[in-house]
1. Could you pull out the residue among Tyr165, Tyr111 that is surrounded by 11 or more Cβ atoms within 10 Å (Cβ to Cβ), of a type outside the set (S, T, N, Q) and part of a loop (DSSP other than H, G, I, E, B)?
2. Could you tell me how many of the residues in region 455-478 are farther than 12 Å from Leu517 by Cα and open to solvent by 20 Å² or more (accessible area, probe 1.4 Å)?
3. Only one of (1) surrounded by fewer than 20 Cβ atoms within 10 Å (Cβ to Cβ); (2) more than 23 Å from Ala508 (Cβ to Cβ); (3) touching a Phe, Trp or Tyr at 6+ places or on another chain (Cβ under 6 Å) is not met by Glu444, so which one is it?
4. How many of the residues in region 65-77 are exposed (fewer than 14 other Cβ atoms within 10 Å of the Cβ), of a type in the set (A, V, I, L, M, F, W, C) and either in contact (Cβ under 8 Å) with a residue 24 or more places away in the chain or closer than 17 Å to Ile492 by Cβ (or both)?
5. Pick out, from region 220-305, the strands (runs of 3 or more DSSP E) lying fully within it that include 2 or more residues that are in contact with an Asp or Glu (Cβ under 8 Å, 6 or more places away or on another chain), closer than 30 Å to Leu208 by Cα and modelled with pLDDT of 95 or more.
6. Output yes when any residue across region 60-75 is among the polar types (S, T, N, Q) and assigned to a loop (DSSP other than H, G, I, E, B), and no when none is.
7. Thr40 versus (1) open to solvent by 50 Å² or more (accessible area, probe 1.4 Å); (2) modelled with pLDDT under 80: which is the lone unmet condition?
Amino acid sequence: MAKTAANGNLWTHRNQNGLNYDSFKKNGYHDRREKNGPGTTVASRQKSRESFEQAPMYVAVMTYLGFGIVTLFGYLRDFLRAVGLEKCHVAQERDEQKDFVPLYQDFENFYTRNLYMRVRDNWNRPICSLPGPVFDMMERVTDDYNWTFRLTGRTIHNVINMGSYNYLGFAENDVDFLKTVADRTQQYGVGVCSTRQEMGNLSIHEELEKLVASFLGVESSMTFGMGFATNSMNIPALVGKGCLILSDELNHTSLILGARLSGATIRVFKHNNMHSLEKMLREAICSGQPRSHRPWKKILIMVEGIYSMEGSVVQLPEIIALKKKYKAYLYLDEAHSIGAVGPSGRGVTELFDVDPADVDVMMGTFTKSFGASGGYIAGKKELVDYLRSHSHSAVYSSAMSPPVTEQIMRVMKCIMGKDGSTEGIRRIRQLAENTRYFRAKLKEMGFIIYGNNDSPVVPILLYMPGKVAAFAREMLRRKIGVVVVGFPATPITEARARFCLSAAHTRAMINQVLQHLNEVGDGLCLKFSRRKYSSQFDLCDDTDFELDS
């Protein structure tokens with residue numbers, strides 16, 4: 001494969017699809033645009049909808065200063081613990097093992113001891129209801145600065161859920177909608193207690209796989225009981241020693257773990273940067289494997305449809321052009337994009353109007369838009385047949401639960417209109433409307449947000465570590481549940497709150513969230529955008545806001 005590519009033209013100043021790149025920087029705002037070549041209208045329009053505005057320099061300085069102060073106090077507290085002036089709450093070695101290699105009190109958990117514990121109350125909150133567009137939460141308090149928590153017995157009702165991946169609102173408990181799931185549970189039970197290769201291959205599993213293949217427009221598919229394992233356990237079956245993986249720098253941990261377990265050589269290219277990817281492809285073809293310089297057995301490009309921390313969308317047409325040019329394979333993770341983008345919810349292949357056959361391995365999960373669990377691998381029949389006997393996740397893990405299988409089929413049929421209704425399409429359009437409305441209003445307020453206008457993942461940049469905790473606590477006090485993310489999950493200077501929109505969010509809910517965000521943003525000084533914005537903004541009702549064509 002690599003030899004074939006090596007015989008082609010390796011150097012070009014234009015992409016295969018005829019695109020020229022121009023970079024703009026205006027008032028601290030970076031916008032990478034493309035001049036259209038043949039057949040690039042959709043790709044260019046999608047890329048123009050992405051923004052990654054840079055914060056003012058003082059924000060970065062204050063962020064580093066904040067981390068520096070917290071780190072200094074961390075060293076001071078570690079010293080006080082060492083001399084016995086402060087109680088050590090974390091696990092530590094017994095005295096008789098003091099000469100052993102430390103298991104607990106090593107430098108690696110310095111961040112956990114001294115930084116994470118300060119903001120630990122913002123995670124793992126106990127929810128005691130359906131986590132739909134609103135939920136109920138058990139109130140808890142701490143008496144020892146977040147080392148332990150105790151429940152007060154009070155319930156916080158009707159917290160607006162802005163953090164779940166319930167994109168289409170199918171994580172629901174409506175009796176009428178779930179009737180078929182209840183019927184399947186009564187017929188098959190809850191668990192299978194066997195692998196698909198032994199006694200766990202039910203007729204509904206095969207029915208689901210045919211439905212997934214039909215939905216995606218590919219030859220065949222295979223389903224798995226766990227979304228994370230769909231990546232981490234299948235990638236080692238596809239590549240191994242002597243193969244090369246080119247991975248986007250912002251890929252999910254499941255992709256990174258699968259790549260590491262495979263034994264293949266891994267090289268990381270800059271996020272959504274086609275110049276970086278093409279340079280690595282060219283070097284891989286020219287140089288081959290290290291030391292021996294033999295051609296790579298396989299070159300696999302790994303990307304995601306929507307990146308869950310950035311809200312950005314993969315540049316799929318350009319990547320397909322590069323993979324064809326250099327005879328590489330493409331692995332596309334659509335965990336966040338399947339069901340959530342595209343006119344009929346078929347993900348980024350539909351969003352960019354590309355042929356699904358151009359993607360060698362299509363992966364997705366059922367844990368988000370489908371309100372269930374598990375994942376799938378789809379593509380050519382030869383690929384799926386190979387994985388049935390070589391995938392660790394297929395051979396050794398228990399088969400998917402029957403009620404979960406029925407839930408996925410129920411949702412997929414609803415999206416496809418096979419249930420005789422237009423409810424699925426209505427939810428897809430509602431999600432798109434909610435997403436663009438929410439993003440537009442945040443920009444009007446002056447927040448810095450990342451990502452594509454079509455992405456229901458909306459990161460608001462908070463930057464400073466102290467403001468991360470203050471933001472989450474203040475939003476919860478206003479009965480809005482948010483997810484905040486910081487280092488090491490993000491770059492140290494780019495801590496953020498990640499909002500996830502849902503079709504189940506009403507305009508009144510979104511307006512309420514926006515109103516509180518505006519007040520909290522002013523109170524905590526979170527509006528870092530350099531673009532001009534008005535201190536007054538108008539909230540629209542359901543009939544005032546229209547989708548872009």
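The values are calculated or read from the model by the stated rules, or taken from the named source; none is laboratory data. Everything quoted here is computed from the prediction, not taken from an experiment. Here the Cβ is made from the backbone with ideal geometry for all residues, glycine too, and neighbour counts use every protein chain on show. Note: accessible area is taken over every heavy atom of the protein model, side chains too, but ligands, DNA and RNA are not part of it. Shrake-Rupley method; radii C 1.70, N 1.55, O 1.52, S 1.80 Å.
1. Of Tyr165, Tyr111, the one residue that is surrounded by 11 or more Cβ atoms within 10 Å (Cβ to Cβ), of a type outside the set (S, T, N, Q) and part of a loop (DSSP other than H, G, I, E, B) is Tyr165.
2. So the answer is 7.
3. (2)
4. The qualifying residues number 4.
5. Working: elements: 220-224, 244-248, 265-269, 299-304.
Because the criterion is at least 2 residues that are in contact with an Asp or Glu (Cβ under 8 Å, 6 or more places away or on another chain), closer than 30 Å to Leu208 by Cα and modelled with pLDDT of 95 or more, the strands (runs of 3 or more DSSP E) in region 220-305 that meet it are 220-224, 299-304.
6. Taking region 60-75 as the starting set, the residues that turn out to be among the polar types (S, T, N, Q) are 63, 71.
Pick out the ones that are also assigned to a loop (DSSP other than H, G, I, E, B) and you get none.
Scanning region 60-75 turns up no residue that is among the polar types (S, T, N, Q) and assigned to a loop (DSSP other than H, G, I, E, B).
7. The single condition Thr40 does not satisfy is (1).
Let's see how each residue does on (1) more than 24 Å from the chain's Cα centre (by Cα); (2) under 20 Å from Lys327 (Cβ atoms); (3) not polar (S, T, N, Q):
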{"position": "Gly258", "(1), (2), (3)": "no, no, yes"}
{"position": "Leu261", "(1), (2), (3)": "no, no, yes"}
{"position": "Ile266", "(1), (2), (3)": "no, yes, yes"}
{"position": "His275", "(1), (2), (3)": "no, yes, yes"}
{"position": "Glu283", "(1), (2), (3)": "yes, yes, yes"}
